[in-house]
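The values are calculated or read from the model by the stated rules, or taken from the named source; none is laboratory data. On a predicted model such as this, the values are computed, not experimentally measured, just so you know. Every residue, glycine among them, receives a Cβ derived from its backbone with ideal geometry; neighbour counts consider all protein chains shown.
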Amino acid sequence: MSYILDQEQLDGLEEALTTDLMTLGIQSVILIDMAGNVIVNLDDGKVRHDVYSLAALAAGNFGAVSAMASIIGEEEFSLLFHKGKSENINFTKIMDDFLLVSIFGNDVSLGYLRLKIDEVIKKVKALIEKTRST
Amino acid sequence: MAFINTKTKEVQVKLVFVGPGRGGKTTNLEYIFSRIRHRIESDMVSIKTQGDRTLFFDFLPFELGAIKGYNVKTQLYTVPGQVKYNATRKLVLKGVDGIVFVADSMVDRRENNISALNNLAENLNFYDIDITDLPLVFQYNKRDLATEGIPILDVETMEKDLNAQLKAPSFTASALKGDNVIPTVKKAISTTMVAIREKLL
């Protein structure tokens, strides 16, 4: 299966993620699919991560955690968060096939970030649902 | 699941190297990486056990050039070959666009090749993919062992065992020496792109 996102959808995704998340002062937001493809990659201009490797590992990591959930009888673990000394990563699943990866410093409140992520997910869902699968 | 980005004019394609344990999947990727490392920004990512066996996957992304004005980003993955790692093997196959099946030419690995191919078909079925519908290339690896007096399967036997029905392109190779590694991956990419390119227009 392949899928195509058009310019309007991608512009909409970038705008929503910039307005709702990047303005919080977070380091970067990457929207990927569960195959590890990078759909939108936004950063604060100060970092230069290897986004494609990060996406492959994030998709694998999330897949592994979901499989663990299934083994112990959970449908999924809704919160997946890794805390570092100065940087942290939050993963949020969007529908079945997409994953939002947010990288942020300790100056950003996780609770507030998750609140904003919940808001932006609605917009992202609406935009992706227009996707033409082939 | 190839992703086509019409804004950045980019196509992302996922190719997965599959096959029995110790068959040379990681060695294939290491050889490819050694040939292209001067022109790519990324490193090869490997998640290994302490014993240097693949635990989750190896990952190597690179840009292939443009087709119909679209920049093609190819992402090569391997799966762990060991039977016990089927859960992670299945995860890596999610969204696969094309397969390189690395078969081991050693005589005593004959059954392992067949089991690994059957396991691949089962895992693809999990994602509602029929193995006959997916771009696939066989690589009969470790042909160099014949020069060291180690008994290897003849190509006809391997074709009969693995490729009689699929009739996919196949290559004899030595991943350790680099023989036919690049032609194998080129064929896999071109076969996969043919399957995807009609969707670009």
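Data overview
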quantity	calculated
Single residue of the stretch A:15-31 satisfying the filter (part of a helix (DSSP H, G or I) and surrounded by fewer than 18 Cβ atoms within 10 Å (Cβ to Cβ)) that is nearest to the other protein chains (Cβ to nearest Cβ)	A:15
Candidates B:64, B:91, filtered to the one that is hydrophobic (A, V, I, L, M, F, W, C), within 12 Å of chain A (Cβ to nearest Cβ) and out of contact with any Pro (no Cβ under 6 Å at 6 or more places or on another chain)	B:91
Check on residue B:58, within 14 Å of chain A (Cβ to nearest Cβ) and either assigned to a helix (DSSP H, G or I) or under 20 Å from residue B:137 (Cβ atoms) (or both)	yes
Residues of the stretch A:79-134 satisfying the condition of being among the charged types (D, E, K, R) and not in a helix (DSSP H, G or I)	A:83, A:85, A:87, A:93, A:96, A:97, A:107, A:129, A:130, A:132
Long-range neighbours under 6 Å by Cβ, at least six apart or interchain, first residue more than 7 Å from chain B (Cβ to nearest Cβ) within the stretch A:32-45, second part of a loop (DSSP other than H, G, I, E, B)	A:44/A:27
Residue that is surrounded by the most Cβ atoms within 10 Å (Cβ to Cβ) [pool: residues in the stretch B:63-76 that are of a type in the set (A, V, I, L, M, F, W, C), over 13 Å from residue B:18 (Cα atoms) and touching a strand residue (DSSP E or B) at 6+ places or on another chain (Cβ under 6 Å)]	B:72
Residue count, the stretch B:1-25 (criterion: more than 13 Å from chain A (Cβ to nearest Cβ) and either at pLDDT below 95 or not in a helix (DSSP H, G or I) (or both))	8
So residue A:70, is it among the polar types (S, T, N, Q), part of a helix (DSSP H, G or I) and without any contact (Cβ under 8 Å) to a residue 24 or more places away in the chain	yes
Qualifying residues in the stretch B:142-151 (those that are touching a strand residue (DSSP E or B) at 6+ places or on another chain (Cβ under 6 Å) and among the hydrophobic types (A, V, I, L, M, F, W, C)) - the one nearest to residue B:31 (Cα to Cα)	B:145
Test result for residue B:51, out of contact with any strand residue (DSSP E or B) (no Cβ under 7 Å at 6 or more places or on another chain) and surrounded by fewer than 24 Cβ atoms within 10 Å (Cβ to Cβ)	yes
Residues that are buried (at least 24 other Cβ atoms within 10 Å of the Cβ) and of a type in the set (A, V, I, L, M), drawn from the stretch B:77-98	B:79, B:92, B:96
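Residue-by-condition table, conditions (1) surrounded by 14 or more Cβ atoms within 10 Å (Cβ to Cβ); (2) within 13 Å of the chain's Cα centre (by Cα); (3) within 24 Å of residue A:3 (Cα to Cα); (4) charged (D, E, K, R):
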{"residue": "A:38", "(1), (2), (3), (4)": "yes, yes, yes, no"}
{"residue": "A:87", "(1), (2), (3), (4)": "yes, no, no, yes"}
{"residue": "A:105", "(1), (2), (3), (4)": "no, no, no, no"}
{"residue": "A:114", "(1), (2), (3), (4)": "yes, yes, no, yes"}
